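Structure first, commentary second.
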Amino acid sequence: MINSLTSENMGFSKFASMGNKLDVGEADLLEYFLVDEETHQIYLYLDGISNGRRLMEIASRSTKPIVVQKANKSRPGAAMARSHSASLSADDQVVDAAFLQCGIIRVPDQRTALHCLKAFSLPQMSGPRLAVISRSGGHAVLAADAAEEFRFELPPYPQEAIHMVREYSRAGVIHLQNPMDLGDLFHLPLYRTLLEQTLAREDVDGITFILNYNGNRALVESRRLLGSLGEIMQKCRKPIAVCIFTVQEEFEHLRKTLDYPIFDDPRDAVMALAMSRDRSELRPLPFSAERPTGVDAAEARSRLERLPAGPIAPESLASILDAYGIRLVSWKRAESEDTAVAAAETFGYPVALKTAHAEVLHKSDVGGVHLNLPHADAVRGDYRKLLKIGPAVLVQKMAHPGLEWLVGGRQDSSFGPVVVAGLGGIYVEIFRETSIRIAPITMEEAGRMVDGSRGAALVRGVRGEAALDREALCDVLVRISWLLHDFPEIQELDLNPVRLYPEGCMALDWRATKGESWLMV
């Protein structure tokens, strides 16, 4: 990486190798670099993270870009996951979520890291509106593809800019738009005027400029044009990601003499601007500072302390969830056919019967869920069937149809409590699409979790359907995040499904596993 930075004429202010991190780790060094006046950007290569929560807390305070290449992506944990939340939140996914939450930019390799550091050597891209100016039609198409890939908007050029270009265009056959193909424009001073006027526009946040020349013809004019772009960027305080195609000798000369970094591929140039834009748009929110109202942590603790390690019985877990203000469907544990029928008649038919055997991980897989039982005879018959799975049976009121979500979490060895959310129900392992955060989270962060999931469109309402209660779902996420934070001995937790309605939501099924708290962070 040092060699790469040197070859790009960027250099570095400090370098530190942590070795085995016996007494100094990544968090200590990061804390130092945040206040080091000679350091403007921070790059870390990590194959392990010692104390993820401290790293997040420090990173969230940074005004400097932090770029991390985290290797060692395979999950080291050997224990079998006992919940959807654990199986859907592999260690590397937790790292992704943690970095996103605290403002760290994660890159997959050194090449991408280098492009990212180049981007932050330019003025920051403060929005999604990109202009593309290219001397090659093919490269303009590549830049347009990259702009769509990285979610940029391409505002049209004003008519005065188009008229100015047409006056100098030789053939006049190219359709001028954004991206602007200047393939038959050979008056290089006009490029500077166009770049300067475009960057000054209020509806443009940055430019990708692609220039190709063979290193012999128009050499002096090209160098003069490129040498003036740094001044334009400083004047407008907006970035120009310059991509150059020329002979290698000329490219190396430019890298050593220009006062800004350059690129050799349109996609890399656009990607670099996207990294800059994303950092400007995301406000780090590492952890919540306030518990939600209606939480009785003391009551939950008194109940949890009396439980042995291992799977928590549904009725015991229900009392803990109730102490944290999490709404559950009406339920009752039935010790006999008669008590099952009595509970069903209290709730009103139809009802559901489920096995309450704590060792059963996925009730549907073993025939442990019987729905829409319409009368007492059906309850008695299905009660006897469920006794073959285990001695405990729950009777529940049938809930109205709604959108089903998974809300849960687990304890991570480096980051501590992790909260998980996504579309739920019986297909959750098939979809395998969840949003993850390090707990405890704020309502705003919970909203980001929901909005970042594919189920967000369903929450907003589609094809005339009513919008669902997003705030109620976020509230459950916040409460679960605090529960996992307050009780590290709860190793894994699932509410699946949590059924979401236009007003409110409630959990229809719940499971958790208690471990030894000294094993947790």
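Table for the structure above
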| quantity | calculated |
| --- | --- |
| The listed residue being crowded, with 22+ Cβ neighbours inside 10 Å and more than 24 Å from Val67 (Cβ to Cβ), out of Val141, Val132 | Val132 |
| Pairs with Cβ under 7 Å, 6+ apart, first in region 327-354 and farther than 28 Å from Asp475 by Cβ, second part of a loop (DSSP other than H, G, I, E, B) and of a type outside the set (A, V, I, L, M) | Tyr349/Pro374; Tyr349/His375; Pro350/Pro374 |
| Close pairs (7 angstrom Cβ cut-off, 6 or more residues apart or separate chains): within 13 Å of Leu29 (Cα to Cα) in region 40-61, part of a loop (DSSP other than H, G, I, E, B) and of a type in the set (Val, Ile, Thr) anywhere | Leu55/Ile49; Ala59/Ile104 |
| Index of the failed condition, Val521 passing every other in (1) outside any helix (DSSP H, G or I); (2) at pLDDT below 95; (3) within 22 Å of Arg327 (Cβ to Cβ); (4) touching a helix residue (DSSP H, G or I) at 6+ places or on another chain (Cβ under 9 Å) | (3) |
| Filtered residues of region 457-477 (kept if more than 11 Å from Ala421 (Cα to Cα) and among the hydrophobic types (A, V, I, L, M, F, W, C)) | Ala457, Leu458, Val459, Val462, Ala466, Ala467, Leu468, Ala472 |
| Sole exception among (1) on the phi > 0 side of the Ramachandran plot; (2) surrounded by 15 or more Cβ atoms within 10 Å (Cβ to Cβ); (3) of a type outside the set (Asp, Glu) for Arg237, by number | (2) |
| Whichever residue in region 272-294 is among the polar types (S, T, N, Q) and closer than 30 Å to Arg129 by Cα and, among such residues, is surrounded by the fewest Cβ atoms within 10 Å (Cβ to Cβ) | Ser280 |
| Among the candidates Ala297, Ala340, Ala269, residue that is small (Gly, Ala, Ser), crowded, with 20+ Cβ neighbours inside 10 Å and more than 30 Å from Ala143 (Cβ to Cβ) | Ala340 |
| Any hit, region 154-175, residues being in contact (Cβ under 8 Å) with a residue 40 or more places away in the chain, surrounded by fewer than 19 Cβ atoms within 10 Å (Cβ to Cβ) and not in a helix (DSSP H, G or I) | yes |
| Unique residue being modelled with pLDDT under 95, in a loop (DSSP other than H, G, I, E, B) and surrounded by fewer than 15 Cβ atoms within 10 Å (Cβ to Cβ) when the list is Glu315, Glu359 | Glu359 |
| Residue match in region 379-387 (condition: within 37 Å of the chain's Cα centre (by Cα) and either in a helix (DSSP H, G or I) or surrounded by fewer than 18 Cβ atoms within 10 Å (Cβ to Cβ) (or both)) | no |
| Residue satisfying all of: in region 388-434; closer than 19 Å to Ser330 by Cα and assigned to a loop (DSSP other than H, G, I, E, B); modelled with the lowest pLDDT among these | Gly425 |
| Region 320-340, subset at pLDDT below 95 and in a helix (DSSP H, G or I), residue nearest to the chain's Cα centre (by Cα) | Ala340 |
| Test set (1) of a type in the set (A, V, I, L, M); (2) exposed (fewer than 15 other Cβ atoms within 10 Å of the Cβ); (3) closer than 27 Å to Arg291 by Cα - Ala421 fails condition number | (2) |
| Hits in region 224-246 (condition: under 41 Å from the mean Cα position of the chain (by Cα) and assigned to a helix (DSSP H, G or I)) | Leu225, Leu226, Gly227, Ser228, Leu229, Gly230, Glu231, Ile232, Met233, Gln234, Lys235, Cys236 |
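For every residue, the table says whether it meets (1) in the same structural domain as Thr246 (by TED's automatic domain parsing); (2) crowded, with 22+ Cβ neighbours inside 10 Å; (3) of a type outside the set (Val, Ile, Thr).
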site: Leu100; (1), (2), (3): no, no, yes
site: Ala146; (1), (2), (3): yes, yes, yes
site: Leu188; (1), (2), (3): yes, no, yes
site: Leu195; (1), (2), (3): yes, yes, yes
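The values are calculated or read from the model by the stated rules, or taken from the named source; none is laboratory data. Here the structure is a predicted model, which is why all the values come from computation and not from measurement. Glycine gets a Cβ as well: all are built from the backbone with ideal geometry, and neighbour counts include every protein chain shown.
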